[in-house]
Protein chains: 4
Amino acid sequence: MDNAILLISCPDRKGIIAKVTNFIYENAGNIEHADQHIDSQTNTFFMRIEWALKDFKIDKDNIAKSFSHIAEEFSMEWKLYFTDKIQRVAIFVSKRLHCLYDLLLRHRAKQFNCEIPLIVSNHLVAKEIADSFNIRYFYFPVTKETKIEQEIKQISLMRDEGIDLIVLARYTQILSPQFVNVFPNRIINIHHSFLPAFVGSKPYHQAYRKGVKIIGATSHYATEELDAGPIIEQDIVRISHRNSLQDLIREGEDLEKVVLSRAVRFHLERKILVYNNKTVIFD
Amino acid sequence: MDNAILLISCPDRKGIIAKVTNFIYENAGNIEHADQHIDSQTNTFFMRIEWALKDFKIDKDNIAKSFSHIAEEFSMEWKLYFTDKIQRVAIFVSKRLHCLYDLLLRHRAKQFNCEIPLIVSNHLVAKEIADSFNIRYFYFPVTKETKIEQEIKQISLMRDEGIDLIVLARYTQILSPQFVNVFPNRIINIHHSFLPAFVGSKPYHQAYRKGVKIIGATSHYATEELDAGPIIEQDIVRISHRNSLQDLIREGEDLEKVVLSRAVRFHLERKILVYNNKTVIFD
Amino acid sequence: MDNAILLISCPDRKGIIAKVTNFIYENAGNIEHADQHIDSQTNTFFMRIEWALKDFKIDKDNIAKSFSHIAEEFSMEWKLYFTDKIQRVAIFVSKRLHCLYDLLLRHRAKQFNCEIPLIVSNHLVAKEIADSFNIRYFYFPVTKETKIEQEIKQISLMRDEGIDLIVLARYTQILSPQFVNVFPNRIINIHHSFLPAFVGSKPYHQAYRKGVKIIGATSHYATEELDAGPIIEQDIVRISHRNSLQDLIREGEDLEKVVLSRAVRFHLERKILVYNNKTVIFD
Amino acid sequence: MDNAILLISCPDRKGIIAKVTNFIYENAGNIEHADQHIDSQTNTFFMRIEWALKDFKIDKDNIAKSFSHIAEEFSMEWKLYFTDKIQRVAIFVSKRLHCLYDLLLRHRAKQFNCEIPLIVSNHLVAKEIADSFNIRYFYFPVTKETKIEQEIKQISLMRDEGIDLIVLARYTQILSPQFVNVFPNRIINIHHSFLPAFVGSKPYHQAYRKGVKIIGATSHYATEELDAGPIIEQDIVRISHRNSLQDLIREGEDLEKVVLSRAVRFHLERKILVYNNKTVIFD
């Protein structure tokens, strides 16, 4: 599969779709997916368009330049992706391993079109899994004193390895703003509550104490503010007074796996546009 | 609001979106919604596009003719609608009145852009409601012997009144193929089960006997085959052994109202395309 | 139907169920429902038991006294109810009328075993509905200056009318602690968010701004702290970036109706036990 | 943990709960869970009661005999279980391995109180997983000619190994009535549809063709009739026309894992009572 994908956002006005689709049509591209959205509150236009490069008249290397004329005309923010570029994903994990296991099994089952060259952890417990999947394991123990220094090393590692996406699969260290800002909209976190309810630590305990009748999980891009980044996906499960805290954790972990994996898949398939700290998901 | 809506389906090939959006752009139309779908199994392209007619260079009366050239080029099946045409809806009802009441209250709350000039029933129990909403009530008692004859009268009534959509709001008479075929994709039925499970009569009783853990409701277009037409919307609610048959009925009726009203709204907003006995819902 | 219902909570220890069920059995009562729950964190025992009074050897008037010996032995908090006592419900409403309408139609459909003798409002818009259902309407316009004084009149009205339950069906005035404390666990509110997310005013606007992928509704007992009382029921619906704020409100109102009506039914059927600001729902 | 569990069903009449709970109380047992259900249609009483054996005055070996007097008095069907008996589970699997993997990881995470001494398959693909979890693997290739003969060997294996529960984790061979009848209510199957819709093979394909808006998964006890045994658990996920058949399969597999694992847990915890081809789940 050798496709191009354009993700576009710009002020809405007449002719955008016509110009973009003409650009593809006149160069003999075959559109496989096209999805638009207009936010009428902010008068913003969003588009994701994917077309086959077979027979496309413009060389891959020149598409961006050719398209930039249209982009300028409409003051677009835009990104161009190619599906033959295999993204490189790093998974950060601590001691709870269900999400890590789930991601690796989905990867093996070819649900994700990516490489997972490395796993990062502040603990050693996940090393055995990494070994069994033949993935390099980087152990960064973190204390209050060493945190900044370790993060700097982690950033270097990400850069050296050409990592495109970081997945926080129940990673318990809060990343500093310095770290987060290096990877804007490229760090996906799973939070085990229905955000914005139960921000911070031990959300299942919070939910249990509060006596909610439904618990949830939320995947989102990490931003400077804890658990407040753009929400990508959420899901829930009903509970009742009959359920113990252990039940909440067990049922919740099933949610986490599904909600995190959907977010990773949407990201890898270039289906997410972020604006105003919210997401458009072209599913 | 004075918009035009095109619903299109045709074999997929290069240039469709470009041609359609250019047609609108060149004539100074402002696209408010555009949604496409490509069924890769059958290589079929579907599109719903809605644009403002303000400043549009082609007269309303000539849009269809102008567009027909593009339509022919791509062998399109297509329909053109105008949002200022207020559709006329007839509600058919029998003795269970929750869906009728729900539809009328939503209409009053302006959730539906339509008129409801008449209610048809094989019983008299809903007459009081019709009166209180100032809607004419047509009573067609039906026996095995009079069924065909009554249906013929009902068809005449629908035609005389210029009815665009018939909503079967728990109408207990099974419409004959003769009736159904007069109004293709213009009769919406609510069936109180998760179709295709529990076709036919007393689906809550069937569900209760079967011991399912989830019940559902399904809205669909009526076709010759009972409860087998294209599904528009479904929803469900969890139940357990603790729930009596009466509980199933009560919870199910809440589903029916929501599921039927969503279907009516999608239809009125021209968001449904039918193909292969399935629906594309441009929501 | 002439049943007795006991709602019990006490420290857990051996023999509670045996003693309670023996009390009923030895007096020839036939248990129709029995449900227990043990909160192992706090070692608290909860029970709801309902039995037929037909042939029961103790007079209704003496049951409480007879049972009090067992209650004392186990340091129970307990309440005894009789199903032939028809509860009296007052509905408080402002300008959004969907919940009011829904409650009245469910009452008419005999989903609630209660009387609804009066509707209270700080506006006049619901008067017409009250009239059409033959329910007395009490208009209490409220300003910052008159609020306390009006609440005092409302409390008097509730007492004079022997009101057992107050339902806040989208009543926009925040009740003062003074008011709330007169009716502990006897005021049910519907909040149009998935609590504890989006406390306070305009929760749909908050949800829309936040970009959540699921919205919810929560029914709870009113307490001094706004939107923080024991949660009775919650439900949710999925949304996406395609949904406008108006869509959220429309879908949310459907949730509100279902979630509020379930809470009212649970309360009327004496199925709710409150402890630690949480609820046990014996459904 | 050393508890006893009684599962009881019998015609409903006065005194059952009193007698059973007195039996436990008088012998100094501490009830940890008690749940009853009365099916008012068939006037049948169901009970699950679990108590701590610490300080219980009757020896484990004599409890059944002691209780049998009460059981006879009320014509009970009943079973007595002890939580210190670790059940032995055999997993049957074919080529799709997600449910197998899921069960093994949950077992490792101590969600299931059981042993999994062996995996049975008609293919070899799962052998590597079995090895990595140190579980013996039994390969029974099946053809039309060898089916009966292989089943006989499988039954022997189950008996020799003292298998208490067989879990069909996407096992593609249809078990003969002869096989099924040897293990009544001891074979749990996962069917990848919302039963009774889409019985038989390729249910996701059926669902895709039908155009349903929601797909489901169902776990149930295997009986002679294919996919028609007592339903234990069901769950669903919303889909739309945007979803390909591959999407349905991927989302459905997530459902299957959750729905199967809940059923296995309920069974292992002795929370399921079967009657009239339905289940009471004391959750």
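The values are calculated or read from the model by the stated rules, or taken from the named source; none is laboratory data. Every value quoted in this text rests on a predicted model; they were computed, and no experiment measured them. Cβ sites come from the backbone with ideal geometry, for glycine too, and all protein chains shown count toward neighbours.
The single condition among (1) away from chain B (no Cβ under 14 Å); (2) closer than 28 Å to A:Ala263 by Cα; (3) outside any helix (DSSP H, G or I); (4) of a type outside the set (Lys, Arg) that A:Ala71 does not satisfy is (3). A:Thr223 fulfils the conditions (1) at the interface with another protein chain (Cβ under 7 Å from one of its Cβ atoms); (2) part of a loop (DSSP other than H, G, I, E, B); (3) within 20 Å of the chain's Cα centre (by Cα) except for a single criterion, (1). Taken as a whole, the structure places D:Gln173 among residues that are more than 10 Å from chain B (Cβ to nearest Cβ), over 25 Å from A:Glu251 (Cβ atoms) and in contact (Cβ under 8 Å) with a residue 60 or more places away in the chain. The criterion of being in the same structural domain as B:Asp227 (by TED's automatic domain parsing), crowded, with 16+ Cβ neighbours inside 10 Å and either polar (S, T, N, Q) or more than 19 Å from the chain's Cα centre (by Cα) (or both) does not hold for B:Val120. Residues that are among the hydroxyl-bearing types (Ser, Thr, Tyr) and either in a loop (DSSP other than H, G, I, E, B) or touching a residue at least 60 places away in the same chain (Cβ under 8 Å) (or both) within the range D:38-66 comprise D:Ser40, D:Thr42, D:Thr44, listed in sequence order.
Going through (1) closer than 30 Å to D:Leu245 by Cβ; (2) over 22 Å from the mean Cα position of the chain (by Cα) one by one, B:Asp35 falls short only on (2). So which residues in the range D:245-255 are touching a strand residue (DSSP E or B) at 6+ places or on another chain (Cβ under 9 Å) and more than 7 Å from every other protein chain (Cβ to nearest Cβ), if there are any at all? Within the range D:245-255, D:Leu248, D:Glu251, D:Gly252, D:Glu253, D:Leu255 qualify.
The set of residues in the range D:218-257 that are free of Cβ contacts under 8 Å to residues at least 40 places away in the same chain and β-branched (Val, Ile, Thr) comprises D:Val237, D:Ile239.
From the list B:Ala64, B:Ala28, B:Ala52, the lone residue that is surrounded by fewer than 18 Cβ atoms within 10 Å (Cβ to Cβ), more than 8 Å from chain A (Cβ to nearest Cβ) and aliphatic (A, V, I, L, M) is B:Ala64.
Would you please name the residue that is nearest to the other protein chains (Cβ to nearest Cβ), looking only at residues in the range B:226-240 that are crowded, with 18+ Cβ neighbours inside 10 Å and not in a strand (DSSP E or B)?
Among residues in the range B:226-240 that are crowded, with 18+ Cβ neighbours inside 10 Å and not in a strand (DSSP E or B), the one nearest to the other protein chains (Cβ to nearest Cβ) is B:Pro230.
Considering only residues in the range A:154-192 that are surrounded by 13 or more Cβ atoms within 10 Å (Cβ to Cβ) and basic (Lys, Arg), the one that is farthest from A:Glu225 (Cα to Cα) turns out to be A:Arg170. Is it the case that the range D:193-211 has a residue that's assigned to a strand (DSSP E or B), without any contact (Cβ under 8 Å) to a residue 40 or more places away in the chain and within 17 Å of B:Val199 (Cβ to Cβ)? There is no residue in the range D:193-211 that is assigned to a strand (DSSP E or B), without any contact (Cβ under 8 Å) to a residue 40 or more places away in the chain and within 17 Å of B:Val199 (Cβ to Cβ). For A:Val258, the requirement of being β-branched (Val, Ile, Thr), away from chain C (no Cβ under 11 Å) and surrounded by 19 or more Cβ atoms within 10 Å (Cβ to Cβ) is met. Output yes when any residue across the range B:91-111 is touching a residue at least 12 places away in the same chain (Cβ under 8 Å) and under 29 Å from B:Trp51 (Cβ atoms), and no when none is. The answer is yes; a qualifying residue exists.
On inspection, D:Val167 passes the criterion of being in contact with a Leu (Cβ under 7 Å, 6 or more places away or on another chain), closer than 30 Å to D:Lys79 by Cα, in the same structural domain as D:Val264 (by TED's automatic domain parsing) and not acidic (Asp, Glu). Among residues of the range D:3-23 being in a helix (DSSP H, G or I) and more than 7 Å from every other protein chain (Cβ to nearest Cβ), the one that is surrounded by the fewest Cβ atoms within 10 Å (Cβ to Cβ) is D:Lys19. State whether one or more residues within the range D:264-278 are hydroxyl-bearing (Ser, Thr, Tyr), within 12 Å of chain B (Cβ to nearest Cβ) and more than 30 Å from D:Asp35 (Cα to Cα). No, the range D:264-278 has no match at all. Does D:Glu151 fit the bill of being among the acidic types (Asp, Glu) and free of Cβ contacts under 8 Å to residues at least 24 places away in the same chain? In short, no.
Counting only residues that are touching a Pro at 6+ places or on another chain (Cβ under 7 Å) and in a strand (DSSP E or B), how many does the range A:95-131 have? Of the residues in the range A:95-131, 0 are touching a Pro at 6+ places or on another chain (Cβ under 7 Å) and in a strand (DSSP E or B).
Scanning the range A:194-206 for residues that are in contact with a helix residue (DSSP H, G or I) (Cβ under 7 Å, 6 or more places away or on another chain) and at the interface with another protein chain (Cβ under 9 Å from one of its Cβ atoms), we see that the one that is surrounded by the most Cβ atoms within 10 Å (Cβ to Cβ) is A:Phe198. Checking the structure you have, find out if any residue of the range C:133-147 is within 30 Å of B:Asp247 (Cα to Cα), in contact (Cβ under 8 Å) with a residue 24 or more places away in the chain and touching a helix residue (DSSP H, G or I) at 6+ places or on another chain (Cβ under 7 Å). Yes: one or more hits.
Does A:Asp283 count as at the interface with another protein chain (Cβ under 9 Å from one of its Cβ atoms), part of a loop (DSSP other than H, G, I, E, B) and under 30 Å from A:Phe45 (Cα atoms)? Criteria met by A:Asp283. Given the criteria more than 9 Å from every other protein chain (Cβ to nearest Cβ), more than 19 Å from the chain's Cα centre (by Cα), buried (at least 21 other Cβ atoms within 10 Å of the Cβ) and touching a residue at least 40 places away in the same chain (Cβ under 8 Å), does D:Ile215 qualify? Spelling it out, D:Ile215 is indeed more than 9 Å from every other protein chain (Cβ to nearest Cβ), more than 19 Å from the chain's Cα centre (by Cα), buried (at least 21 other Cβ atoms within 10 Å of the Cβ) and touching a residue at least 40 places away in the same chain (Cβ under 8 Å). In the range A:132-157, what residues are of a type outside the set (A, V, I, L, M, F, W, C), within 13 Å of A:Ser121 (Cβ to Cβ) and assigned to a helix (DSSP H, G or I)? Hits for the range A:132-157 are A:Gln150, A:Gln154. Among the candidates C:Lys85, C:Lys79, the residue that is in a strand (DSSP E or B) and more than 14 Å from chain D (Cβ to nearest Cβ) is uniquely C:Lys79.
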